[in-house]
Amino acid sequence: MQDLLYFSQQLINGLTIGSAYALIAIGYTMVYGIIGMINFAHGEIYMIGAYTALIAITGLTALGAAWLPLILIVALVCAMIVSSSMGWAVERVAYRPVRGRHRLIPLISAIGMSIFLQNYVHLAQGSRNIGFPDLIEGGFQFGSDDAFQMSLSYMQITIFITTLICMTALSLFISRSRTGRACRAVSQDLGMASLLGIDTNRIISATFIIGAALAAVAGLLLGMYYGSIDPLFGFIAGLKAFTAAVLGGIGSIPGAMLGGLILGVSESMTSGYLSGEYKDVVSFGLLILILLFKPTGLLGKPEVEKI
Amino acid sequence: MTISVKKLVTAVSASVALMAAGHAAAEIKIGVAGPITGPVAQYGDMQFSGTRMAIKRINEAGGVMGEKLVAVEYDDVCDPKQAVTVANRLVNDGVRYVVGHLCSSSTQPASDIYEDEGILMITPASTSPEVTSRGYELIFRTIGLDSMQGPVAGDYIASQNPEKVAVIHDKQQYGEGIATAVRDTLKDKGIEVAMFEGVTAGNKDFSSLITKLKQADVDYVYFGGYHPELGLILRQAEQANLDAVFMGPEGVGNNDINTIAGEAAEGLLVTLPPSFDEKEENQELVKDFEAANEDPSGPFVLTSYSAVKLIADGIEAADSKDPFDVAAALRSGTFETPIGTVEYDEAGDMKSFEFVVFEWHSDGSKTPVN
């Protein structure tokens, strides 16, 4: 019983962090699916989302807002708007001018953008860790008082539910809406889609905006869950989410979701049953193994190299 | 006409250069190297506020051998790579005395350069034993060692008769070093160390670690490292209802931990240098700090102040500005500083330095425990 509770607790920890990875991974995978480049500045967009949310929360609290759902929704909307505009601007400034060149060029441009955004926040907000206020406290406890208790906090439940809503909305958007259909068409063949009258520039911008908005959601959720943010925290999260995207099959949206969850669970199980020191070793070992045996990732379709 | 203008310009610039050189000769540069930016910049603030005050007071009292001290400040971000760059820049700038660096992992590589280039270095904060264990002639400190701090923490935990203790560290030179010292002390005292594990610095999710601590049912958790990680561990542990007392070294004892951990910082135990600012003989100095709107209570303010004072006193005692003579004078003399009477051993460590256990409060204040 004890062991089962312990296992479930680690599973919950892993799924929580995994769902957030998945939200960020969507941005990597959608952009790759459509223009075949890795947007390395995506982690920074997520970090900016977290900062915007924190600023909004602090502002609202200072103005005297006390109703929690209102604070959260306003913070979420602000974060999504700022991150999306940032995602859009990054694409216009750093990627569109070099689109269609050798694939290394947009990659370098993305890395440059990432460094720029990191340092920009560094200057604007300072380099110290900033604490997030505890907005969603408490949770459920399972197990007897004198032994190991499994806890499922309201914050973790919020993360699951929000992720679920976002994922469902995204799937519906991609499969049902006109823009979603255009997205799928562009990802299959950009040139052909353009010939058939799809405004590909608009679709590419939309992809960046959607990815950035989801990253902002993750920024708010993880900022609250962890409890503090700093200008560098987008980098590690970005790296993990990128791994998740590759693990699940880059270019595939369900793959990114699956990859995020697998990565989160494998991290928490490794630190739970082996040692925290091996967490990254196991996650990246897993990545190498999957890439060796299935180079397109778990759910990726084998496809002809796009150039 | 043109020629004479040219000549004039040359003459003027030459005399300006001469004046500048004459001016430069009448001052002694003190390099201050520490984090102005980066995650542990709060400690850098302490260091810079201490050195600035020391330089100001020494200059007001007439300087050193009739010359003024001038601070040259460098930002190493507490990053070993940056520290090496800073050390090389210091060499280039002709600085011969350094107060710094702050993080042991920065001090270590930088000190190699200082020793090679004949620059005297006093670190006001690096506690890693390795810094002074390499037989260097010019490397000193105004702080104790992890090998002193670890046992103080270990002894305190042992005196509380815990059943099980977990020791966590951030896998960096400072954190792992001190955590190892704590673990060894506990083992010597027969206390069970249920867990000894590293976390990755910069990581933000500690839920798995906390679940493991809960499962292991530990009474005390010692964390070797800095506040960004411990702050989050405290906060996430409170949310997960982990019932254990946390303890950490001086690297966690600053107000930033309250910003991160909030209420969860209440009751944290921290080993720190004693509160030098509360000592009777330092009250005049404390007033000067307060008049300048600076806070003298941070753990590294007065150690930094003392580092500058030791350089000044060392130059006077040696009656020479050669760093090697100053180093010899520091080793042979006895010096009065705000952190007490300082005597150095061969390695460049103070012969005695005391660490005290404090209880930290969520409003940023602290009270001594024993």
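Details
- Residue pairs whose Cβ atoms lie under 6 Å apart, separated by 6 or more positions or on different chains, with the first residue in the stretch B:58-78 and touching a residue at least 12 places away in the same chain (Cβ under 8 Å) and aromatic (Phe, Trp, Tyr) and the second surrounded by 15 or more Cβ atoms within 10 Å (Cβ to Cβ) and in a strand (DSSP E or B), are B:Tyr74/B:Ala33.
- Here B:Phe223 meets each of (1) more than 14 Å from chain A (Cβ to nearest Cβ); (2) in a strand (DSSP E or B); (3) under 20 Å from the mean Cα position of the chain (by Cα) with one exception, condition (1).
- Cross-chain or 6+ apart pairs with Cβ under 6 Å, the stretch A:86-102 first and within 13 Å of A:Ile204 (Cα to Cα), then among the aliphatic types (A, V, I, L, M) and outside any helix (DSSP H, G or I): A:Val90/A:Ala41
- So A:Leu107, is it touching an Asp or Glu at 6+ places or on another chain (Cβ under 6 Å), hydrophobic (A, V, I, L, M, F, W, C) and away from chain B (no Cβ under 14 Å): no
- Qualifying position, being surrounded by 15 or more Cβ atoms within 10 Å (Cβ to Cβ), in contact with a Gly (Cβ under 8 Å, 6 or more places away or on another chain) and either among the aliphatic types (A, V, I, L, M) or not in a strand (DSSP E or B) (or both), among B:Asn258, B:Asn282: B:Asn258
- Test: residue in the stretch B:332-347 that is crowded, with 16+ Cβ neighbours inside 10 Å, over 25 Å from B:Lys68 (Cα atoms) and within 14 Å of chain A (Cβ to nearest Cβ): no
- In the stretch B:152-169, the residues that are within 22 Å of B:Gly253 (Cα to Cα) and either outside the structural domain of B:Lys187 (by TED's automatic domain parsing) or touching a Phe, Trp or Tyr at 6+ places or on another chain (Cβ under 9 Å) (or both): B:Val152, B:Ala153, B:Gly154, B:Ile157, B:Gln160, B:Val165, B:Ala166, B:Val167, B:Ile168, B:His169
- Taking the criterion of being surrounded by 14 or more Cβ atoms within 10 Å (Cβ to Cβ), of a type in the set (S, T, N, Q) and under 16 Å from the mean Cα position of the chain (by Cα), the residues of the stretch A:160-188 that qualify are A:Thr162, A:Thr163, A:Ser171.
- Test result for B:Lys187, without any contact (Cβ under 8 Å) to a residue 24 or more places away in the chain, more than 9 Å from chain A (Cβ to nearest Cβ) and in a helix (DSSP H, G or I): yes
- Top-ranked residue in the stretch A:138-174 [being part of a loop (DSSP other than H, G, I, E, B) and touching a strand residue (DSSP E or B) at 6+ places or on another chain (Cβ under 8 Å); ranked as farthest from A:Ala216 (Cα to Cα)]: A:Gly143
- The sole residue among A:Val186, A:Val246 that is among the β-branched types (Val, Ile, Thr), assigned to a helix (DSSP H, G or I) and either in contact (Cβ under 8 Å) with a residue 60 or more places away in the chain or touching a strand residue (DSSP E or B) at 6+ places or on another chain (Cβ under 6 Å) (or both) is A:Val186.
- Restricting attention to the stretch A:26-52, the residues that are more than 14 Å from chain B (Cβ to nearest Cβ), over 19 Å from A:Tyr95 (Cα atoms) and touching a Gly at 6+ places or on another chain (Cβ under 6 Å) add up to 1.
- Residue among A:Ile165, A:Ile111, A:Ile159 that is among the β-branched types (Val, Ile, Thr), touching a residue at least 24 places away in the same chain (Cβ under 8 Å) and under 30 Å from B:Gln236 (Cα atoms): A:Ile159
- Yes/no for A:Ala79 being out of contact with any Cys (no Cβ under 6 Å at 6 or more places or on another chain), crowded, with 20+ Cβ neighbours inside 10 Å and assigned to a helix (DSSP H, G or I): yes
The values are calculated or read from the model by the stated rules, or taken from the named source; none is laboratory data. In this text, all values refer to a predicted model and were calculated from it rather than measured experimentally. Cβ coordinates were reconstructed from backbone atoms using ideal geometry, including for glycine residues, and neighbour counts include every protein chain displayed.
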